[in-house]
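Beneath this line is the structure, given in structure tokens, with notes to follow.
The values are calculated or read from the model by the stated rules, or taken from the named source; none is laboratory data. What you see is a predicted model; the values in this text were computed from it and never measured. Cβ: placed from backbone, ideal geometry, glycine included. Neighbour counts: every protein chain shown.
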Amino acid sequence: MAAGGSAARVASVPHPTAGNAPILVELQSVAKTYVSRDGTEVDAVRPIRFDIGNGEFVAIVGPSGCGKSTLLHMIAGLTRPTAGQILLQGKPILGTRHDIGIVFQDPVLLPWRTVKENVLLPAAVRKSVLSSASARAAELIDLVGLSGFENKYPSELSGGMQQRVGIARALLLDPSLLLLDEPFGALDSMTREQMNVELLKIWSESRKTVVLITHDINEAVFLADRVLVMSARPGRIVNVHTITLPRPRTVSMIGSPEFGALSQAIRADLYAPRGDNS
Amino acid sequence: MSDITEGVAKPRPAPTPSNMGLWLDRLLVPVSVVAMVIFWEYSVTAFKVPEYLVPPPSAVFRSLSNMWNSGLLLTHGVITLIEAALGFVIAFVFSTILAICIAESRLFERLIYPYLAALQSMPKVAIAPLVMIWFGMGIESKIVLSALLSFFPMLVNAVEGLKSVDDKRARLFRSLGASRFQTLRLLKIPNALPFLLVGIELGTIYAMLGAIVAEFVGASQGLGAYLLSMNFQMDAAGSFALLAVLALYGILMQFALRAVRNRFLFWSRSNNHSQGA
């Protein structure tokens, strides 16, 4: 498997926090097998070994149904792996926890809560001191560019704005790890591009470790330090690409030859015959 | 960031018909009601329908004003309203608690379901005579029947609302590490509110029905007893007047609940996953 060897460390990637940053997340031969209705076992995710550095931005691309969402849900503690384990700061992830923030493809806002109340939802659940949470929520709403919309209801917002609320909510409890499950998949391509620029800004300001699931190769190259390419089901990592584009990244880089070469290489991995590249 | 307001979904203005269309729309119902009353008045006189069968609207109105002036309408009306209101409140409290137990515990649901199914499939009006024996001819029996009748529609809607939580929202709460109680308080109950309101709407109607039926079976006071005495006197105009009062109660309730919905549950009308403007 490709994962083991090339996934060793980021080291050479110029990055605000990484460099020789310690490892934050370790995936130790993590696998997921479902038992289908007729009793046969179905491999969703083949054993995956991978480390994610503190402050690193990792993107996972793969065809739909390749198990990338399952992988993310396992990191989030929403699904237990059937083999192997995932460590966060050296300790196994056994369930959901407040130092992991997750943004789903659908923003999943509560329509009866205002923008600010939606952002504050994790604090309501965690019973953290509301006054400090409230100040933090205001900060985050500002960070995601929704100042002035605090008291609006989700139905009054566009899809892109709703997803900004979802991001602010995921950041409320200051998680060390931010998981993004195709967060902009439902948006039109122009809004998506704008949201990607925003996401980079948020990332550079909040200095979180980010794992992004996407089926958009350009999005992955534009955002990430490293791009993991997963194969179709059963999911496994076929290759890891280190993105050498300098930071801060700008939209103009998307047209550069280097960008084109990287996305071409990833595309080649995705469409390569099974088992051909390791 | 500069064009952020561009994506804001603006509140959709109501479809604006032409000026004449708007007037027609507003006047349609009042005009038809007035026309109906006039038609009724004249056809009853023209076809010489005896007043003890179908009274003309003018007689109904006269009867209504007599009832009001004598103070009888208010005394009987208040008693029935109290019975229905108490029955409703009892049914609301019990149905909501039971609904939460059913929605939260599969075991409890399986345990209680056969009894509920049996009770619900029984015409509850048929218990009215028994209720009289158990609770007497006073106000208690009216409250009990009123509660019994309004209980089921409220229970069914509350259970439906509590169980209809979107999978994605449930997963969000799981990812936040929410406890069962927190999920109930912050997700399931708010989510159930629009359903609860539908149950309440039915409940207010059934509570009134229960009180009236119980008064039919045995009572000296209340609108049901009053209506029965009108019937014995062959006073059709009086009966019609009381029926109009009961209809008015239903209409007022509906308006009040619609106001509550618009004020507090405005979010449930627009769909939950609105994407873009």
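For A:V125, indicate whether it is of a type in the set (V, I, T), within 12 Å of chain B (Cβ to nearest Cβ) and either in a helix (DSSP H, G or I) or touching an Asp or Glu at 6+ places or on another chain (Cβ under 7 Å) (or both). Step through it out loud before you land on a result.
Working: of a type in the set (V, I, T): yes; within 12 Å of chain B (Cβ to nearest Cβ): yes; either in a helix (DSSP H, G or I) or touching an Asp or Glu at 6+ places or on another chain (Cβ under 7 Å) (or both): yes.
Yes.
Going by the structure shown, is B:S229 assigned to a loop (DSSP other than H, G, I, E, B), more than 14 Å from chain A (Cβ to nearest Cβ) and surrounded by fewer than 18 Cβ atoms within 10 Å (Cβ to Cβ)? The answer is no for B:S229. Considering only segment A:147-159, state which residues are of a type in the set (G, A, S) and either in a loop (DSSP other than H, G, I, E, B) or under 17 Å from the mean Cα position of the chain (by Cα) (or both). Those that are of a type in the set (G, A, S) and either in a loop (DSSP other than H, G, I, E, B) or under 17 Å from the mean Cα position of the chain (by Cα) (or both): A:S147, A:G148, A:S158. For the subset of segment B:161-178 comprising residues that are of a type outside the set (D, E, K, R) and within 34 Å of the chain's Cα centre (by Cα), which member is surrounded by the fewest Cβ atoms within 10 Å (Cβ to Cβ)? Filtering first and then ranking leaves B:S164.
With the condition kept exactly as written, say whether any residue in segment A:97-105 is within 11 Å of another protein chain (Cβ to nearest Cβ), in contact with a His (Cβ under 9 Å, 6 or more places away or on another chain) and either among the hydroxyl-bearing types (S, T, Y) or surrounded by 22 or more Cβ atoms within 10 Å (Cβ to Cβ) (or both). Yes: one or more hits.
Given the criteria away from chain A (no Cβ under 14 Å) and either more than 23 Å from B:E140 (Cα to Cα) or part of a helix (DSSP H, G or I) (or both), does B:F173 qualify? Spelling it out, it is not the case that B:F173 is away from chain A (no Cβ under 14 Å) and either more than 23 Å from B:E140 (Cα to Cα) or part of a helix (DSSP H, G or I) (or both).
Each row is one residue, and each column tells you yes or no for (1) closer than 26 Å to B:L187 by Cα; (2) surrounded by 13 or more Cβ atoms within 10 Å (Cβ to Cβ).
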| residue | (1), (2) |
| --- | --- |
| B:L98 | yes, yes |
| B:E104 | yes, yes |
| B:I112 | yes, yes |
| B:A117 | no, no |
| B:S121 | no, no |
| B:A128 | no, yes |
| B:S141 | no, yes |
| B:L145 | no, yes |
| B:F151 | yes, yes |
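Checking each residue in segment B:125-170 for being within 28 Å of B:E201 (Cα to Cα), within 14 Å of chain A (Cβ to nearest Cβ) and among the basic types (K, R) picks out only B:R169. Give the residues of segment A:168-196 that are of a type in the set (D, E, K, R) and either away from chain B (no Cβ under 12 Å) or not in a strand (DSSP E or B) (or both), sorted by residue number. If the condition is that a residue be of a type in the set (D, E, K, R) and either away from chain B (no Cβ under 12 Å) or not in a strand (DSSP E or B) (or both), then A:R169, A:D174, A:E182, A:D188, A:R192, A:E193 are the ones that fit. Under the condition of being at pLDDT below 90 and in a loop (DSSP other than H, G, I, E, B), the residues counted in segment A:56-76 number 6. Within the set A:T250, A:T191, the sole residue that is surrounded by 15 or more Cβ atoms within 10 Å (Cβ to Cβ), of a type in the set (V, I, T) and more than 21 Å from A:H73 (Cβ to Cβ) turns out to be A:T191. Checked against the criterion of being assigned to a helix (DSSP H, G or I) and at pLDDT 95 or above, the candidates B:A117, B:A59, B:A126, B:A99 yield just one match: B:A99. Is it the case that segment A:212-226 has a residue that's more than 24 Å from B:L172 (Cβ to Cβ), more than 14 Å from chain B (Cβ to nearest Cβ), touching a Gly at 6+ places or on another chain (Cβ under 7 Å) and part of a strand (DSSP E or B)? Taking every residue of segment A:212-226 in turn, none turns out to be more than 24 Å from B:L172 (Cβ to Cβ), more than 14 Å from chain B (Cβ to nearest Cβ), touching a Gly at 6+ places or on another chain (Cβ under 7 Å) and part of a strand (DSSP E or B).
Just checking, which of A:V115, A:V119, A:V144, A:V165 is surrounded by 22 or more Cβ atoms within 10 Å (Cβ to Cβ), more than 20 Å from the chain's Cα centre (by Cα) and either more than 12 Å from every other protein chain (Cβ to nearest Cβ) or over 30 Å from A:K32 (Cα atoms) (or both)? Let's see the steps before the verdict.
Values: A:V119 fails: more than 20 Å from the chain's Cα centre (by Cα); A:V144 fails: more than 20 Å from the chain's Cα centre (by Cα); A:V165 fails: more than 20 Å from the chain's Cα centre (by Cα).
Going through A:V115, A:V119, A:V144, A:V165 in turn, just one is surrounded by 22 or more Cβ atoms within 10 Å (Cβ to Cβ), more than 20 Å from the chain's Cα centre (by Cα) and either more than 12 Å from every other protein chain (Cβ to nearest Cβ) or over 30 Å from A:K32 (Cα atoms) (or both): A:V115.
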